[in-house]
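Q: One structure is given below, represented as structure tokens, and several questions about it will come after.
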Amino acid sequence: MNPRLRFVLRRLALTVPVLLVMSVFIFLIIRLVPGDPVRTMLGFRATPASVAQVRGQLHLDDPLWQQYRDWITGVLHGSFGQDFVSKAPLSELLAQRIPVTLELTLLAMLLAVAAGVPLGVRAAVGGRWARRLTEGFVVFGISVPDFWLGIMLVLLFAGTMTWLPPSGYVAFTADPGGNLQYMILPVLTLAVAETAYIIRTTRGSMLGVMGRPFITYLRAKGTPERSIVYGHALRNAAAPIATVVGIQFGVLLGGAIVVETLFALPGVGRLIVTAINQRNYPVVQAGLFVVATLFILVSLLTDLVVGFIDPRVSDKGQS
Amino acid sequence: MSATTGSVVRRSRSAVAALPRSARAGALILLALAVVAVLAPLLAPHDPNAIDSARVLGAPDLAHPFGSDALGRDVLSRTIYAFRTSLSIVFGAVAVASVVALPLGTLAGYFGGWVDQVISRPLDMLLVLPALLLAISLIAIVGPGSLVAALAIALIYLPILARVQRASSLVVSQAGFVEGGRARGWSSFAVLRRHVVPNALGPLLVQAAILAGFAVQIEAALSFLGLGTQPPTASLGLMLSDGRDVLTQAPWVEIFPGLAIALIVLAFNLLGDGLRRHLDPQGVVS
Amino acid sequence: MSGAVLELDDLTVRIPVGGGRWVEAVGGVTLAVGASEIVGLVGESGCGKSTLGGAVMGLLPVGSRVGGQVLLRGYDLRGLGEEGYRKIRGDDIALVSQDPSASLDPTYPVGAQVAEAIRNHRDVSRRTARERAVDLLRLVGIPDPRARYADPPHRFSGGMKQRVVIAAALANDPAVLIADEPTTALDVTIQAQILHLLRDLTVRTGTGVLLITHDLGVVAQVCDRVAVMYAGQVVEQGTVREVFARPLHPYTRALLDSQPAAHHRSGDLPVIPGRVPDLTDPPAGCRFAQRCAQAHDRCATAPPEVRTASGGRVACWLHPAPATAEETR
């Protein structure tokens with residue numbers, strides 16, 4: 001069998017137990033709540049009758065394994081149950097909100113990579129000023145809390161560029177221009193810290209590669225320096241960068257939660273936070289499950305990409 | 001355990017003295033912040049919770065260098081107390097995580113085999129969710145609060161610290177003098193105590209320092225979302241949340257706590273990176 | 001000197017080692033390589049032979065100072081700037097290094113790395129370069145070159161990788177090839193193959209080869225002439241036959257004596273006592289004097305290099321300039 005194919009299959013196979021464990025963990029959340037979760041959920045509306053009713057609805061008195069089985073089969077069919085407050089199917093709610101979060105995180109990551117990689121390369125091979133400036137930016141980007149940065153950006157632009165709204169959202173399909181308007185500040189906010197990490201990683205990786213013997217040999221072949229840096233060195237440096245991108249996506253998802261809250265974007269992150277404050281456990285569960293699945297899938301994707309970039313990874317006996 | 005702590009303390013002290021300038025700066029800043037946090041009641045010019053309707057949204061002046069917030073409370077005093085809250089949560093969380101990670105990682109790295117599997121697999125499960133999400137899940141179960149936030153942070157960083165300690169122990173365990181100890185008939189426990197732990201401790205400290213920086217940001221994020229420290233306790237994240245409401249009228253309420261956070265994170269990062277050279281020459285910490 | 005593709009005239013290389021100190025890695029070397037000729041440059045590690053190769057290629061550590069002349073087909077290379085050097089590297093002078101794994105980009109197909117050497121210097125289409133690369137791979141003995149063109153380096157054995165490196169080096173018919181320990185990292189069984197491949201190809205293309213090695217056996221196998229280097233200086237040079245049969249310099253003799261093959265299991269291998277001098281402060285006289293069994297008073301001053309009867313050169317007071325012979329320094 002083609003070793004590449006084998007690598008892909010193996011990596012896919014590894015994802016399954018991870019998804020399983022994650023689903024169990026999230027499933028257990030509502031069951032781990034101290035006391036009676038339903039009572040907490042209903043709050044002041046809790047009467048023995050209503051509690052019993054909701055417990056029945058949520059099948060909380062069934063055997064644990066049965067609950068899990070029912071829940072997981074439901075999930076696999078795309079059904080997350082109902083929002084017990086509004087009675088709307090959760091899957092609809094999630095379907096509306098996932099694209100928002102995805103748009104936010106993907107745009108932020110794209111921006112960070114597009115800006116961070118070239119800057120990182122310059123930081124590694126460029127002159128003194130290139131290095132100093134990127135150093136400063138990296139320190140700034142890593143230390144400053146991203147949501148504070150977002151607030152500062154709002155402060156900055158509220159006075160001057162009033163066409164950048166501090167909150168709100170409209171779907172891309174409905175109004176592309178408006179959508180981008182609303183997304184600029186949130187994406188920028190998330191992207192700054194991310195760019196700093198990518199610059200740092202790229203610089204470190206590039207420095208490591210530029211010191212290797214094959215670079216000297218490329219010069220001995222008369223290869224132009226530009227070709228060496230961007231053609232050969234970058235490709236060799238790419239694997240760690242891609243790995244970091246994958247890991248950082250998880251961080252971005254976390255950051256998206258805060259940024260969505262900050263800019264009042266109707267994404268999954270904000271949904272989770274609101275639901276926690278409302279003790280709306282089914283929503284919390286569904287939201288966490290979705291986000292975690294996203295994270296795992298992106299990790300898988302990055303591993304596959306890394307495997308393709310660096311043929312040694314996929315050819316070896318393990319991933 | 002005096003031999004263990006003695007060597008680490010000694011090495012840390014000499015490491016601090018020989019640090020690159022940047023790391024020493026980081027250490028000093030942290031020390032200053034720690035002093036501020038501990039001595040908060042003495043240093044804060046005003047009562048952080050004192051509401052003063054006459055000074056609502058007051059601009060910064062000599063008496064109130066950081067200005068006043070929506071309830072007339074002195075921002076500087078609140079920031080000082082908030083340092084205390086945030087730093088104690090962070091120190092507590094990272095300390096707990098380190099203390100638990102130390103034996104787990106050491107055993108996993110030293111013995112390998114099934115011991116490693118039994119320890120590492122469950123810990124790796126925790127890495128299945130991104131950090132903030134894991135913290136949020138925990139808080140979803142138990143409810144918001146400072147203690148929960150600290151525990152959540154400890155939980156997030158436990159697997160990372162354990163992994164570093166494991167890798168570090170692995171490297172040290174293969175060194176000659178460990179073999180020598182075993183050959184002389186020492187029990188595993190003795191070998192671990194006298195040789196492995198003191199020498200493998202370095203990277204753990206480096207990683208802990210770096211993670212502490214991020215912990216501050218996570219704690220701030222959690223408090224900002226209302227999931228961490230609850231009012232009226234001052235926390236940097238909470239102050240950032242409050243500051244939003246009065247952003248255009250009184251930006252100083254928002255600016256200073258944010259800068260404070262950046263300062264702490266910077267200090268921890270400087271310290272961690274600087275310690276790296278002495279305590280983690282082999283680059284166990286990525 | 002006509003016919004010489006590479007001439008080194010009193011070449012010195014000084015390398016900064018920090019703290020204002022310098023190492024004189026190469027201390028006045030005069031050497032020539034002719035077309036289709038393989039000249040071995042032999043000596044212990046640290047004698048400066050690799051640095052000499054680096055000086056010819058223009059690949060020395062930053063801050064190094066080069067004195068004397070390096071003439072490529074009569075043209076002095078020392079006037080070249082970075083871009084000038086880039087143009088001739090891989091085109092007029094080429095390099096084959098010790099470890100082929102370290103020479104090749106691990107993420108790039110081997111064929112493409114050969115094609116790259118071509119396209120660095122010739123304005124040809126991708127396809128033309130690819131075809132030529134396939135031909136070159138076949139020439140160096142890679143089986144099924146068209147199929148293996150796209151393979152990454154780690155799918156090849158060490159010997160095969162070195163063949164690829166040689167293919168890339170000879171792609172543009174260079175005038176001079178610097179081969180720095182080309183077989184040291186390879187299996188003994190493969191070494192002979194690679195050496196002979198090198199010889200066959202360079203004879204064909206008319207390339208002059210400077211074969212840098214510490215292994216006298218390698219020199220014996222493929223070299224026409226040999227230069228013996230010690231502490232940054234060439235102490236003796238001549239045809240391989242002459243130098244091996246009648247070594248004139250005590251160091252050369254000691255080197256030959258210390259070869260395991262020269263002894264029949266009896267007795268210990270002779271060891272040259274003493275150590276190589278510190279080159280941050282090279283001795284004024286003969287650099288080998290401290291370790292030489294035949295050193296005498298005259299050795300306190302540097303011996304001049306004289307022509308030998310057989311057409312070689314030696315720098316040793318045991319062979320002073322005969323009254324009729326010319327001094328070459």
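The values are calculated or read from the model by the stated rules, or taken from the named source; none is laboratory data. Treat the numbers as computed from the prediction; the structure is a model and nothing was measured. For neighbour counting, all protein chains shown are included, and Cβ atoms are generated from backbone atoms with ideal geometry for every residue, glycine included. With ligands, DNA and RNA removed, areas are computed over all heavy atoms of the protein, side chains included. Shrake-Rupley method; radii C 1.70, N 1.55, O 1.52, S 1.80 Å.
Q: If one takes the accessible area of chain B alone plus chain A alone and subtracts that of the pair, with a 1.4 Å probe, what total in Å², rounded to the nearest 100, results?
A: Values: alone 13620 and 16760 Å², together 27170 Å².
Buried surface at the B/A interface: approximately 3200 Å².
Q: Name the helices (complete DSSP H segments) of chain A with a Cα length along the long axis of 30 Å or more and a Kyte-Doolittle mean of at least -0.5, or state none.
A: Qualifying helices: A:3-32, A:90-125, A:176-210, A:234-263, A:281-309.
Q: Could you check the simple spin-label distance between C:VAL62 and A:ALA13, using points 7 Å along Cα→Cβ, in nm with one decimal?
A: A separation of 4.9 nm, rounded to one decimal place.
Q: Taking only complete DSSP H runs, can you tell me which helices of chain B stretch 18 Å or more along their own long axis by Cα positions and average at least 0.5 on the Kyte-Doolittle scale?
A: B:21-38, B:75-111, B:146-173, B:197-224, B:252-279
Q: Right, another one. What accessible area per residue comes out for the range A:1-131, rounded to a whole number of Å², with a 1.4 Å probe?
A: 56
Q: A further question follows. With each run of n ≥ 4 DSSP H residues scored as -39500 (n - 2.57), what mean residue ellipticity at 222 nm is computed for the protein assembly as shown after dividing by its residue count and rounding to the nearest 500 deg cm²/dmol?
A: Estimated from H runs of four or more residues: -19500 deg cm²/dmol.
Q: If I compute solvent accessible area with a 1.4 Å probe over the protein chains, what percent of it on the protein assembly as shown is carbon and sulfur?
A: 61
Q: Could you give the distance between the Cα centres of the range B:197-237 and the range A:211-253, to the whole Å?
A: Between the Cα centre of the range B:197-237 and that of the range A:211-253, the gap is 33 Å.
Q: Related question: Once the other residues with Cβ under 10 Å from the Cβ of C:THR252 are scored (Lys, Arg +1; Asp, Glu -1), what is the net sum?
A: 0
Q: Could you tell me the distance between the Cα centroids of the range A:101-132 and the range C:73-100, to the nearest Å?
A: 35
Q: Kindly identify residues of the range B:240-273 having a loss of at least 50 Å² in accessible area between the isolated chain and the assembly of all protein chains, probe radius 1.4 Å.
A: Residues passing the criterion (a loss of at least 50 Å², heavy atoms only) are B:ARG244, B:LEU247.
Q: To the nearest whole number, what is the average tally of beta carbon atoms from other chains within 10 Å of the beta carbons of peptide B:120-131?
A: That average works out to 5.
Q: If I take every Cα pair under 8 Å that is 6 or more residues apart in chain C, average their sequence separation and divide by the length, what percent do I get for the relative contact order?
A: Averaging sequence separation for qualifying contacts and normalising by length gives 20 percent for chain C.
Q: The range B:20-62 to the range C:130-209: how many Å between their Cα centroids?
A: 69
Q: Between B:VAL99 and B:LEU71, what FRET efficiency comes out of the Förster formula 1/(1 + (r/R0)^6) with R0 = 30 Å and r the beta carbon distance, rounded to 0.05? Could the numbers behind the result be given before it?
A: Values: r = 39 Å, r/R0 = 1.30.
Computed FRET efficiency for B:LEU71 and B:VAL99 comes out at 0.15.
Q: Can I ask one more? Work out the count of Lys pairs in the protein assembly as shown where the Cα-Cα distance is under 28 Å, with the pair 8 or more places apart or on different chains. Mind dumping the intermediate values first?
A: Details: A:LYS221/C:LYS49; A:LYS221/C:LYS87; A:LYS221/C:LYS161; A:LYS316/C:LYS161; C:LYS49/C:LYS87; C:LYS49/C:LYS161; C:LYS87/C:LYS161.
Qualifying lysine pairs in the protein assembly as shown: 7.
Q: Right, next: Keeping all protein chains in place, calculate the accessible area per residue for the range A:197-241 (probe 1.4 angstrom), answer in Å².
A: On the way: 1570 Å² over 45 residues.
Per-residue value: 35 Å².
Q: Moving to a separate point now. How large is Rg/Rh for the protein assembly as shown, to two decimals, with Cα atoms and a Kirkwood Rh? Mind showing how you got there, number by number?
A: On the way: Rg = 35.2 Å, Rh = 32.8 Å.
Ratio of gyration radius to Kirkwood radius for the protein assembly as shown: 1.07.
Q: Leaving out ligands and nucleic acids, note down the accessible area per residue over chain C with a 1.4 angstrom probe, in whole Å².
A: The answer is 44 Å² per residue.
Q: Show log10 I(q)/I(0) for the range A:69-147 at q = 0.16, 0.17, 0.25, 0.26 Å⁻¹, two decimals, from a solvent-free Debye sum over equal Cα scatterers.
A: Result of the Debye calculation: -0.74, -0.78, -1.14, -1.17.
Q: At a 1.4 Å probe radius, which order do A:MET22, B:MET125 fall into by accessible area, largest first?
A: Numbers: A:MET22 0, B:MET125 90 Å².
Solvent-accessible surface, decreasing: B:MET125, A:MET22.
Q: Here is a follow-up. How far is it, in nm, from the label point at C:SER125 to the one at A:ARG132 when both lie 7 Å from their Cα along the line to the Cβ?
A: Placing both labels 7 Å along Cα→Cβ, they lie 5.0 nm apart.
Q: Only counting protein heavy atoms at a 1.4 Å probe, give the residues of the range A:218-255, ordered by number, whose accessible area falls by 50 Å² or more when the other protein chains are present relative to the chain alone.
A: When all protein chains are present, A:ALA220, A:LYS221, A:GLY222, A:HIS232, A:ARG235 each give up 50 Å² or more of accessible surface.
Q: Can you give the extra length, in nm with one decimal, that the chain gains between A:ARG69 and A:SER227 once fully stretched, where that is 0.36 nm per residue apart less the Cα-Cα distance?
A: Numbers: separation 158, 0.36 × 158 = 56.88 nm, distance 5.58 nm.
Result: 51.3 nm gained on full extension.
Q: Out of A:LEU301, A:LEU14, A:LEU207, any idea which swings most in a Gaussian network model of chain A, alpha carbons joined below 10 Å?
A: Largest GNM mean-square fluctuation: A:LEU14.
Q: I'd like the orientation of helix C:158-170 relative to chain C: the angle between its Cα long axis and the longest Cα principal axis, in ° from 0 to 90, rounded to 10.
A: Approximately 90 degrees, to the nearest 10.
Q: Okay, next question. Which value in nm describes the separation of the simple spin-label points at C:ASP151 and C:GLN69, placed 7 Å from the Cα toward the beta carbon?
A: The modelled label-to-label distance comes out at 4.7 nm.
Q: A further question follows. Find out how many positive minus negative residues lie around A:LEU107, taking Lys and Arg as positive, Asp and Glu as negative, among other residues whose Cβ is under 15 Å from that of A:LEU107.
A: It works out to a net charge of -4.
Q: Residues of the range A:112-155 losing 50 Å² or more of accessible surface, assembly versus chain alone, probe 1.4 Å, please list them.
A: Going by heavy-atom accessible area, the residues of the range A:112-155 that drop by at least 50 Å² are A:SER143, A:PRO145, A:PHE147, A:TRP148, A:ILE151, A:LEU155.
Q: Could you report the buried accessible area between C and A, both sides summed, computed with a 1.4 Å probe and given in Å² to the nearest 100?
A: The C and A chains share an interface burying roughly 1900 Å².
Q: Right, here's the next one. Using only Cα atoms, tell me the angle between helix C:110-119 and the longest principal axis of chain C; keep it within 0 to 90° and round to the nearest 10.
A: 80
Q: Another question, then. Considering all alpha-carbon pairs of the range B:64-175, what whole percent are spaced by more than 17 angstrom?
A: That fraction is 63 percent.
Q: Once fully extended, how much extra length lies between A:SER50 and A:GLU92, figured as 0.36 nm per residue of separation less the alpha-carbon to alpha-carbon distance? Mind dumping the intermediate values first?
A: Working: separation 42, 0.36 × 42 = 15.12 nm, distance 2.53 nm.
Full-extension gain reported as 12.6 nm.
Q: Write down, largest first, the equivalent ellipsoid semi-axes of the range A:110-161 in whole Å, where each equals the square root of 5 times an eigenvalue of the alpha-carbon gyration tensor.
A: 26, 12, 11
Q: Given R₀ = 25 Å, FRET efficiency for A:LEU102-A:LEU28 by Cβ-Cβ distance, to 0.05?
A: 0.40
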